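Q: One structure, as structure tokens, below. Some questions next.
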Amino acid sequence: QVQLVESGGGLVQAGGSLRLSCAASGRLLGISAMGWYRQAPGKQRVLVAEITSGGSSGASTNYADSVKGRFIISRDNAKNTMYLQMNSLKPEDTAIYYCHFFNPSELSGHYWGQGTQVTVSS
């Protein structure tokens, strides 16, 4: 089992910045992908950014087009923590942000945090 706890959400004005953190604990061996998703009111949960293990080629990152150039995903393996640096925030970034870890070797290998609210005012 993996436990994920997000923090760092809040209210910010358009153009501002926030950094989200996702602290992970538990059975982390075998995690092949970690990322951030968001869900706006009345909409589906969508991928924002992810880090995937690339084997011999190393890890790779992937971003939704709507956040490219503004958001940066990173991780600190020593602290078992993943981050999402969000810059130049826009009102349309308002959503609940969830961190997600995936272990393909487990039958139910999808793990989610409880979510953290990000609200961007215009």
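Q: Sort Phe71, Phe102 from largest to smallest accessible area, using a 1.4 Å probe on the heavy atoms of the protein chains.
A: Working: Phe71 5, Phe102 55 Å².
The ranking, largest first, comes out as Phe102, Phe71.
Q: Taking θ as phi - 60°, what are the ³J(HN,Hα) couplings along segment 10-15 by the Karplus curve (6.51, -1.76, 1.60), each to the nearest whole Hz, with x for Gly and Pro?
A: Once θ is set to phi - 60°, the couplings for segment 10-15 become x, 9, 9, 7, 4, x Hz.
Q: Hey, another quick one. Residue separation times 0.36 nm, minus the C-alpha to C-alpha distance between Glu106 and Glu92: what's the value?
A: 1.6 nm
Q: Shifting gears a bit: Determine the percent antiparallel among the DSSP beta bridges restricted to the chain, to the nearest 5.
A: 90 percent
Q: Where the eigenvalues come from the Cα gyration tensor of the chain, what are the semi-axes √(5λ) of the equivalent ellipsoid, largest first, in whole Å?
A: Ellipsoid half-lengths, sorted descending, are 25, 15, 13 Å.
Q: Separate question: Positive end of the dipole of segment 5-119, charges at C-beta (+1 Lys, Arg; -1 Asp, Glu), about the Cα centre: which of Ala40, Leu28, Ser105 has its Cα farthest in that direction?
A: The residue sitting farthest along the positive end of the dipole is Ala40.
Q: For the chain, with only Lys/Arg (+1) and Asp/Glu (-1) charged at the beta-carbon, what is the dipole magnitude about the Cα centre, in debye rounded to 20? Numbers along the way, then the final one.
A: On the way: 10 positive and 7 negative charges, 21 e Å.
The calculation lands at about 100 debye.
Q: Turning to a different aspect of this structure: Could you tell me the relative contact order of the chain? Use alpha-carbon pairs under 8 Å, at least six residues apart, and round to a whole percent.
A: Averaging sequence separation for qualifying contacts and normalising by length gives 36 percent for the chain.
Q: Quote the FRET efficiency, to the nearest 0.05, computed for Leu28 versus Ser60 with a Förster distance R0 of 22 Å and r equal to the Cβ-Cβ distance. Mind dumping the intermediate values first?
A: Details: r = 19 Å, r/R0 = 0.86.
Working from the Cβ atoms, E equals 0.70.
Q: What whole-number value in Å² describes the accessible area per residue of the chain for a 1.4 Å probe? Before the final figure, lay out the partial values.
A: On the way: 6580 Å² over 122 residues.
Per-residue accessible area for the chain comes out at 54 Å².
The values are calculated or read from the model by the stated rules, or taken from the named source; none is laboratory data. None of the values given here were measured: they were computed from a predicted structure. Cβ sites come from the backbone with ideal geometry, for glycine too, and all protein chains shown count toward neighbours. Heavy atoms of the whole protein, side chains included, go into the accessibility calculation; ligands, DNA and RNA do not. Shrake-Rupley method; radii C 1.70, N 1.55, O 1.52, S 1.80 Å.
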